[in-house]
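Read the structure below first, then the notes.
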């Protein structure tokens, strides 16, 4: 029997908000986020079985390599979920090891729903003491930014964060994400811009806790998003090192908001294998530090 | 160690497609889908603990009541996920009991992602022999209908189904879901209509396996959707008996497509408690049978 994840609230001090912790990580350890994506082909390459035990070992090796080198990790939950409750038990072990190592953990789950259902997802991933506790989770607002009111409240209460899908980097997403609101508060703006604008209201200076996902190969202009709207919003940018995005394009893509970017890299690091991953992380951290120092 | 869910493909005959099985269920058992939503307040009302064991017991009691009375159940996965791996183990027990009882099971997970990640979600929920095997899953196309190519292929291969979020019934969703495509194949159409049109291509007569979610309180006109576009598409309609939708409004909402509707009812049934749930299901089945006979 698993105990309820409900705990008595401990209101976080402002200094312990997710946004504040993220800003601290940027300043001390840099912008790199190591994606933990135990693809089947990578498991094979790492000499691991395609089982819950295999993804657990993969995740623990990635955490061990990231600890002390990078500040942030992002497990792709789909590759654990594939193995059912056994995969979730493996993920719990990986999440606990990552948080124990002092890494900020973004659970890449892309959940989304309404009312008490989406609230339950936020309870699962953001409540202190929950088996699946992370520092932040990715989330979808297909049912409206307003549908995320409960996750937002839980994030604020416990010093956690959200990253709301806005402009993703895949070509099939362009139609929906550039579609234009014809009614309501975001009338005349694109779907992605409406999400950026809605999330912005939840964030305060210098860096808020409710971020957005904006792919590393998009042009903000295509969505009618001005970088100034992202001034206090964390940006999770997947796809560096794999989907053709070059780290030195950071400023040209995100402009004045490039200081808020979580630069996520998965396959380019993971394909170095268990013996090469530490060096691959060091190399990307160094490359990013040079870009941000320039 | 959990074994890989991969199995050698057994190509389903056309008669065993999800759409064919759903049509058969409609004809023999009716359109009612019993939502299995172990809200915290319902667990209390049922005298069950707010734990993984509590949601397991809740789910098994609901399955027992639905078996032989209704044809379809829909567990809301968020309420299981809240308890981490223990909650997923509970869900696995509930899913197995439901399928063993001959119920069609729609896993209400609203997953969504790209490429190999969304493929892994489909493997988790739709692969024969997977611990979390269901007959269909709900899914989000915020990253484009094209992002669902892999789940679509897996569903076709194994005789499973998808229900893609289109026009949900919450007021906060209207802005995004009525936003108008300005480029690409669905130019000039709303986001929800684009999803209906995209999914339609995947379905053949008389009833396909790739459905949409359209709430029980929407007007199709608001989204520019003509009921004829839904002629071969299953429709999952949550919210009957709770969000103000009356069963007798089925025809006015879905028009000529009302024959394809999975009428989902959760709280109105579950709030009858463990001693009243069977009678509540009987009553709703009877009410729906009268509507569809009229």
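No value in this document is a laboratory result; all are computed from the given coordinates. In this text the structure is predicted, and so the values were computed from the model without any measurement. Using ideal geometry, Cβ is built from the backbone for each residue, glycine included, and neighbour counts are taken over all protein chains shown.
Length gained on full extension, residue A:157 to residue A:226, computed as 0.36 nm times the residue gap minus the Cα-Cα distance: 21.9 nm. Per residue, chain B reaches -12000 deg cm²/dmol at 222 nm when only DSSP H runs of four or more residues are counted, each adding -39500 (n - 2.57). Applying 1/(1 + (r/R0)^6) with r as the Cβ-Cβ distance of residue B:200 and residue A:268 and R0 = 56 angstrom yields a FRET efficiency of 0.90.
Here segment A:82-111 is scanned for amide nitrogen atoms under 17 Å from the site 7 Å beyond the Cα of residue A:60 along Cα-to-Cβ, giving A:86-102. Inter-copy label distances for residue B:206: 6.7 nm (label point placed 7 Å from Cα along Cα→Cβ; shortest first).
For the peptides B:217-225, B:48-56, A:221-229, the ranking by packing is B:48-56, B:217-225, A:221-229, with the highest mean count of neighbouring Cβ atoms within 10 Å listed first.
For peptide B:104-114, the mean count of partner chain Cβ atoms within 10 Å of a residue's Cβ comes to 5. Ascending distances from the residue A:60 label point to its copies in the other chains, with the point 7 Å along the Cα-to-beta-carbon line: 3.2 nm. Shielding by partners for peptide B:48-56, expressed as the average number of C-beta atoms from other protein chains within 10 Å of each residue's C-beta, is 3.
A Förster distance of 25 Å, applied to the separation of the beta-carbon atoms of residue B:275 and residue B:96, puts the FRET efficiency at 0.50. Take every Cα pair under 8 Å whose residues are at least 6 apart in sequence, average their separation, divide by the length of segment B:14-293, and the relative contact order is 19 percent. Each copy carries residue A:289; placing its label point 7 Å along the C-beta direction from Cα gives inter-copy distances of 7.3 nm, listed from smallest up. Inter-chain Cβ neighbour count for B:182-195, averaged per residue, equals 3 (cutoff 10 Å, partner chain atoms only). Computed from label points 7 Å out along Cα-Cβ, the spacing between residue A:183 and residue A:246 is 4.7 nm. Compare A:199, A:94, A:145 in a GNM of chain A, Cα atoms joined below 10 Å, and give the one with the largest fluctuation. Residue with maximal mean-square fluctuation among A:199, A:94, A:145: A:145.
Descending by average beta-carbon neighbour count within 10 Å, the peptides A:178-185, A:70-77 line up as A:70-77, A:178-185, the highest first. Where both bridge residues fall in chain A, DSSP classifies roughly 5% of the beta bridges as antiparallel.
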